[in-house]
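Colleague: Have a look at this one.
The values are calculated or read from the model by the stated rules, or taken from the named source; none is laboratory data. From a predicted model like this one, the values you see are computed outputs, not experimental measurements. Cβ sites come from the backbone with ideal geometry, for glycine too, and all protein chains shown count toward neighbours. These area figures cover heavy atoms from the full protein model, side chains too; ligands, DNA and RNA do not enter into them. Shrake-Rupley method; radii C 1.70, N 1.55, O 1.52, S 1.80 Å.
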Amino acid sequence: MEIGAAVNQALIGMQRSQSEMTSSAQQIAEASAAPATQPASSLQIVEPLLNIEAQQQVFDSSARVLEAADENVGRLIDTMA
């Protein structure tokens, strides 16, 4: 895989996971803002919380790919210099 492609895929993964976390946070906010007459079911809150946790791991993994690509670019520059 080319370094540029790895960087691109890492950034896409980070953006997607950030978007998913934002969506899940919105779902939690909507569930907790429900009127007192309609209490939020635990399922409405648990699933988004689990999704946030999973997406945090995706984000962290993508960040590690980006970091590895950055290190490779640095090594390449050092080698060429």
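Colleague: Could you state the angle between the C-alpha long axis of helix 3-32 and the longest principal axis of the C-alpha atoms of the chain, as a value from 0 to 90 degrees rounded to the nearest 10?
Modeller: 10 degrees
Colleague: Okay, next question. If I build a Gaussian network model for the chain, linking alpha-carbon pairs within less than 10 angstrom, which residue out of Gln56, Gln18, Gln26 has the largest mean-square fluctuation?
Modeller: Gln26
Colleague: On average, how much accessible surface per residue is there in the chain, in Å², for a 1.4 Å probe, leaving out ligands, DNA and RNA?
Modeller: Accessible surface, normalised per residue, equals 74 Å².
Colleague: Charges at C-beta only: +1 for Lys and Arg, -1 for Asp and Glu. How large is the resulting dipole of the chain about its Cα centre, in Debye rounded to 20?
Modeller: Dipole of the chain, to the nearest 20 debye: 120 debye.
Colleague: Enter the angle in degrees (range 0 to 90, nearest 10) between the Cα long axis of helix 42-80 and the first principal axis of the Cα atoms of the chain, meaning the one along which they spread out most.
Modeller: 10 degrees
Colleague: Kindly provide the helix-only [θ] at 222 nm of the chain, computed as the sum of -39,500 (n - 2.57) over DSSP H runs of four or more divided by all residues, to the nearest 500 deg cm²/dmol?
Modeller: Computed mean residue ellipticity for the chain: -31000 deg cm²/dmol.
Colleague: Once the principal axes of the Cα atoms of the chain are found, what is the range along each, listed largest first in whole angstroms?
Modeller: The Cα atoms of the chain stretch 69, 17, 13 Å along their principal axes.
Colleague: Moving on to the next point. Leaving ligands, DNA and RNA out of it, report the carbon-plus-sulfur percent of the accessible area of the chain at a 1.4 Å probe.
Modeller: 56 percent
Colleague: Can you pull the Rg over Rh of the stretch 41-81, Cα-only, Kirkwood?
Modeller: 1.43
Colleague: With springs only between Cα atoms under 10 Å apart, run a GNM on the chain and tell me which of Ala34, Ala25, Ala54 wobbles the most.
Modeller: Ala34
Colleague: Something else now. Starting from the Cα of Gln44, step 7 Å along the direction of its Cβ; do the same at Arg64; then give the gap between the two resulting points in nm.
Modeller: So the two model labels end up 3.6 nm from each other.
Colleague: With point charges of +1 on the Cβ of Lys and Arg and -1 on the Cβ of Asp and Glu, referenced to the Cα centre of the chain, which listed residue (Thr79, Leu49, Ile28) lies farthest in the positive direction of the dipole?
Modeller: Ile28
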